Structure formats: C-alpha cells, structure tokens
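A.B. asks: Structure in structure tokens, see below.
The values are calculated or read from the model by the stated rules, or taken from the named source; none is laboratory data. Quick caveat, the model's predicted, so the values are computed rather than measured. Virtual Cβ from ideal backbone geometry, glycine too; neighbours counted across all protein chains shown.
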Amino acid sequence: MSAAAWQAVRAVIAGSPASAGLFLALAPMDGVTDAVYREVITDLDGGRSGVSACVSEFVRVCRDPAPAKVLLAHCPELARGGHTRAGVPVLVQLLGGDPAALAATAALAARLGAPGVDLNFGCPAKTVNNHDGGAALLRCPARIYGIVAAVRDAVPAALPVSVKIRVGWDSSEGIEEIAAAVRGGGASWLTVHARTRTQGYAPPVEWPAIGRARASCGLPTVANGDLLAVADVAACAAQSGCSAFMIGRGSMVDPWLFARLRGWRAEDRGDAGVAALAALWRDYHERLRAAGVSPGRALCRVKQWLRFAAERRAALTSLFNEIKILDRWEDALAVIDAAAA
Ligand SMILES: Cc1cc2nc3c(=O)[nH]c(=O)nc-3n(C[C@H](O)[C@H](O)[C@H](O)COP(=O)(O)O)c2cc1C
C-alpha cells in the first residue's frame, strides 16, 4: 500500500478485513487476553483504543460440543451482545478436530450472540496437537476444509467465520494448499501467524509467506507475528501486501500501539514508559480483583504482563526482576510506583 493510501485508510476502523479502512485485531492469547485484559485494552483513551475486533482465548472442543457455560466463561461479553464495554466485537475462538462437535459449538455461540467464530489451526502445544487440535491440522488441509465447511454451514450466512493458521507445520511450502482449503470451506477471512508450528515462538517471522497465502486464495488476510511497533507493521505490510493486522504480545509492550497505527497517538516517545504502564497495571489489577480473581493469581497476571513487556523493553528488566520475587500486591505496587515516580 502506498504511503498516501495508508494515510487515508488508517484512521477508519474496518469492521472486518474485507471492509474499507484499517483492520486491527487484538490476538487471542490463552492465559493473557481474557475478558478483563480485553476490556483494559479496548477501554484505553476513553474507548478510542483503535482495536477493530478481539478474539477470545480458545475454547477446546473434543468429541462433545462445548456447553453454553464454557462459552460464557471464555467470552463473558456474550452477555453484552458479544462486544466489550467499549463496543469492540469479540469473536469466539474454537479449537478441535471434530467437524460435528465444532459445528454444534459454533451454532450455539451464534445463538448466544457471538459476532463471529474463529477456528484455531495454529496452536503449537504438544498436548493439543497430540489430541487432534490446533496446528496438527495444518498437515491435513482436507480436514481443515471439512471443519471450515461444517462450521460455515452451521451458523447464519451473515456471521463471519474466520480461520487462524500458522504458515505450516515445519515449512511454509504448503501454505497455498492450506489457504485454498480455508477458502474452499467458505471462511470469511484468514489470519496467518507467520511462523511454523516447529518454530513455536522463535524467530524469524516469515511475513512474505502471508502474502503468498493471500495472493493464492484471494481471501481477506490478516497478518500476525512480531508486530510490536509501527515500523514492524509498515514492514509487514510491505512484505505481505496485507492491510489487516493482528497484534498479540505487542499489546503488552505498547498497549497504545493500535491508536498509534491509526495516527491518533504519536509514535512511542516514552509515553508507553513506566509511569503510563504503571497506571495501567494498577487498573488491570483492580479489574482482575473485581472480577473475582484471587490476590495471588491477580499478582501473577501483572507479573506476566511485565515479563512480556520487559522482553522487549530493556528499561523494564530491573523492575521485573524486583517484582517477580514478591508475593504481595502491596509490595509489588510500592516497587512499581517507585519506578514510575
Ligand atoms: C501466551 C500465548 C497464548 C496464546 N494463545 C492463543 C490462543 O488461544 N489462540 C490462538 O489462536 N493463538 C494464541 N496465541 C498466538 C497469538 O495469537 C499470536 O498468533 C502469536 O502470539 C504471534 O503474534 P504476536 O507476535 O503479535 O504475539 C498465543 C500466544 C501466546 C504468546
């Protein structure tokens, strides 16, 4: 996309990767992006966070369809029409290998008011892969086709069914075939995490492979993987040809990245520094506790955010090292406040 075209579209929140404007999704991250985290991020700047859509943490579906209780636990926003308090839609993500069980669960999610269903064919966890789930399906595009088609048929035609993949199991060589299966099954769009399953989360990301998938199947395609700053998104756009992006760990490194990408905030010049993050962590902790999360677990969640952020922000390393050994929120907060002062 040319610089002029980018300027024109970026401030417009695209409702889907197929619509005009810039689509920016908050990635699903199991154990991180629960409803509380989704709310913290989408409430930023008075609800002008820049996020187009969120995807829930995966709901594991084995032989039996998941019940409503499980869907509501993963996506409490369903009680609010499937949107965060700031009005951002939350797609319900399903993971499994059984087309009938996934289709029945997707139909239930639709009846509960999900604004879309996302299918996970990217999870690299061994336990998941050994039980016919996540990235294991990448080795069998015909099965991906069958699952997508079954889910597509089970939900109303207007409801988006998106698919999230990695570039392949151990190489991106077959990505065109996987993308064709996704398209053939009737998916609304494709999201590609630019790593293989065998890579796990190790570098490098292969953004050009996303472009190959997009060009070969013609589906609107969301690029994902190591988009941690505005410059990363620009480089990824150039290498993949995509104008839709999904950001996961980058949201912990710089929660205002979505707004920066839209031109609503200046590029990071320290405003994602300790003081601003400290205020956010305090707010996050309060919201976790209000949601019934135990004190120990809430502290772990703040430490987890800090750990992810410190991996990319050297200035946070010593703060993380001080916090990680503490057992009480009050002590951790005193250290955070001192660092922020
Ligand atoms: C802790 C963690 C949990 C994740 N859980 C999920 C998940 O539930 N569903 C999914 O599709 N991807 C999951 N992912 C992958 C992310 O959605 C994303 O594809 C990956 O982190 C690369 O994007 P990033 O570099 O922007 O973080 C997870 C990643 C992490 C780090």
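A.B. asks: Pick out the one residue from Gly248, Gly225, Gly241, Gly186 that is in contact with a His (Cβ under 9 Å, 6 or more places away or on another chain) and at positive phi.
C.D. replies: One residue alone meets the criteria, Gly225.
A.B. asks: Same structure, new question: Given the options Val192, Val233, name the one that is closer than 17 Å to Ser162 by Cα and either crowded, with 24+ Cβ neighbours inside 10 Å or under 16 Å from the mean Cα position of the chain (by Cα) (or both).
C.D. replies: Val192
A.B. asks: I'd like to check something: does the stretch 190-207 contain any residue that is part of a helix (DSSP H, G or I) and within 14 Å of the ligand (Cβ to nearest atom)?
C.D. replies: Yes, the stretch 190-207 has at least one match.
A.B. asks: Is there a residue in the stretch 260-280 that is within 14 Å of the ligand (Cβ to nearest atom) and among the basic types (Lys, Arg)?
C.D. replies: There is no residue in the stretch 260-280 that is within 14 Å of the ligand (Cβ to nearest atom) and among the basic types (Lys, Arg).
Condition check ((1) within 23 Å of the chain's Cα centre (by Cα); (2) closer than 19 Å to Val51 by Cβ; (3) assigned to a helix (DSSP H, G or I)) across all residues:
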{"site": "Phe258", "(1), (2), (3)": "yes, yes, yes"}
{"site": "Leu299", "(1), (2), (3)": "yes, no, yes"}
{"site": "Gln304", "(1), (2), (3)": "yes, no, yes"}
{"site": "Ala315", "(1), (2), (3)": "no, no, yes"}
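A.B. asks: Take the residues of the stretch 107-156 that are within 14 Å of the ligand (Cβ to nearest atom) and surrounded by fewer than 18 Cβ atoms within 10 Å (Cβ to Cβ): which is nearest to Asp170 (Cα to Cα)?
C.D. replies: By that ranking, first place goes to Ala125.
A.B. asks: Can you name the number of the only condition in (1) more than 16 Å from the ligand (Cβ to nearest atom); (2) within 29 Å of Asp283 (Cα to Cα) that Ala104 fails?
C.D. replies: That leaves (2) as the condition not met.
A.B. asks: Residues that are out of contact with any Cys (no Cβ under 8 Å at 6 or more places or on another chain) and aliphatic (A, V, I, L, M): which helices (runs of 4 or more DSSP H) entirely in the stretch 46-138 hold 3 or more of them?
C.D. replies: 68-74, 99-112
A.B. asks: Would you mind stating whether Trp207 is in contact with a Ser or Thr (Cβ under 8 Å, 6 or more places away or on another chain) and either modelled with pLDDT of 95 or more or crowded, with 21+ Cβ neighbours inside 10 Å (or both)?
C.D. replies: Yes.
A.B. asks: If only one of Arg48, Arg63 is under 23 Å from Leu277 (Cβ atoms), out of contact with any Lys or Arg (no Cβ under 6 Å at 6 or more places or on another chain) and away from the ligand (no atom under 11 Å from the Cβ), which one is it?
C.D. replies: Arg48
A.B. asks: Is it the case that Cys242 is in a helix (DSSP H, G or I) and either within 11 Å of the ligand (Cβ to nearest atom) or crowded, with 18+ Cβ neighbours inside 10 Å (or both)?
C.D. replies: Criteria not met by Cys242.
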